[in-house]
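First the structure, in the form of structure tokens, and then the observations on it.
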Amino acid sequence: MNITADTHQPDAAELSVMRQAMVASQLRTNAVNDQRVLVAMNTVPREEFVPAESRALAYRDTALPVAGGRAINLPMVIGRLLTEAYLEKNDRVLLIAAAGGYTAALLAQIVAEVVAVEEDATLLGLARQALAATPNVTLVEAPLREGHAAAAPYDVLIVDGAVEHLPETLIDQVKVGGRVVTGLIENGVVRLASGRKTEGGFGLAPFLDCDCVTLPGFARPQGFRF
């Protein structure tokens with residue numbers, strides 16, 4: 001994925017127009033229909049959560065490379081994940097892959113508390129700077145697949161990227177009745193999927209085939225052979 005930074009640096013007014021265009025053309029047309037999500041994505045300046053050289057690209061309909069081989073998800077993907085999480089204002093959310101902090105900032109406008117996990121030190125530094133004035137977001141430096149059990153249980157688990165396997169370690173941190181949304185890689189096809197944890201167990205149901213950034217550390221375990 002190669003994106004060349006734009007040499008023109010848009011000013012605040014241009015970025016605001018770009019943000020509104022993103023909501024109109026990328027979100028509303030792709031079933032992002034939770035008004036709270038739309039308001040947050042029309043309000044939070046995405047350009048503040050990416051490296052300075054990529055600010056002009058912040059509202060493109062594509063994943064945006066940031067650091068360490070990682071990328072920030074497409075706006076539409078983030079919008080659909082948040083919409084399908086059926087967020088409630090008193091929710092405590094565990095966000096896996098804070099990246100530069102953009103998704104955490106969106107969640108902070110909708111729910112009570114966000115615990116955002118990131119393992120890349122460069123991305124974590126960007127997120128800490130961008131979220132310094134956001135008191136209901138806690139940033140945790142840890143392997144993505146481990147989450148943050150110390151603050152469990154959570155009402156919602158959001159994995160902001162595609163994984164081959166969702167570890168039980170993360171599912172165990174969600175309370176019974178809690179919701180889970182993630183990107184899922186199955187037989188080489190990337191889908192967005194959602195599920196709800198019950199007393200009887202947990203499962204994911206795909207709801208959309210689409211491009212989604214892939215997260216490291218979530219390879220499917222090799223099955224036993226007899």
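The values are calculated or read from the model by the stated rules, or taken from the named source; none is laboratory data. If you're wondering where the values come from, they're calculated on a predicted model, not measured in any experiment. What goes into the accessible areas is simple: the full protein's heavy atoms, side chains included, and nothing from ligands, DNA or RNA. Shrake-Rupley method; radii C 1.70, N 1.55, O 1.52, S 1.80 Å.
Stokes-Einstein diffusion for segment 83-226, with the hydrodynamic radius set to the Kirkwood value over Cα pairs and evaluated at 37 °C in a medium of 0.692 mPa s, equals 214 µm²/s.
For the chain, the antiparallel share of DSSP beta bridges with both residues in that region comes to about 40%. Over the residues of the chain, the helix contribution to mean residue ellipticity at 222 nm works out to -6000 deg cm²/dmol, using -39500 (n - 2.57) for each DSSP H run of at least 4.
The portion of the accessible surface of segment 82-226 made up by carbon and sulfur, rounded to a whole percent, is 49 (1.4 Å probe; DNA, RNA and ligands excluded). Using alpha carbons only, the radius of gyration of segment 171-226 set against its Kirkwood radius gives Rg/Rh = 1.01. Build a GNM of the chain with springs between Cα atoms under 10 Å apart, and of 133, 142, 21 the one that fluctuates most is 133. Between the helical axis of 75-84 and the longest alpha-carbon principal axis of the chain there is an angle of about 40 degrees.
Solvent-accessible area per residue in the chain equals 46 Å², computed with a 1.4 angstrom probe and all protein chains kept. Kirkwood radius for segment 26-67, taken over all pairs of different Cα atoms as the inverse mean of 1/r, rounds to 11.5 Å.
Extent of segment 1-120 along its three principal axes (Cα atoms, max minus min coordinate, largest first): 42, 33, 23 Å.
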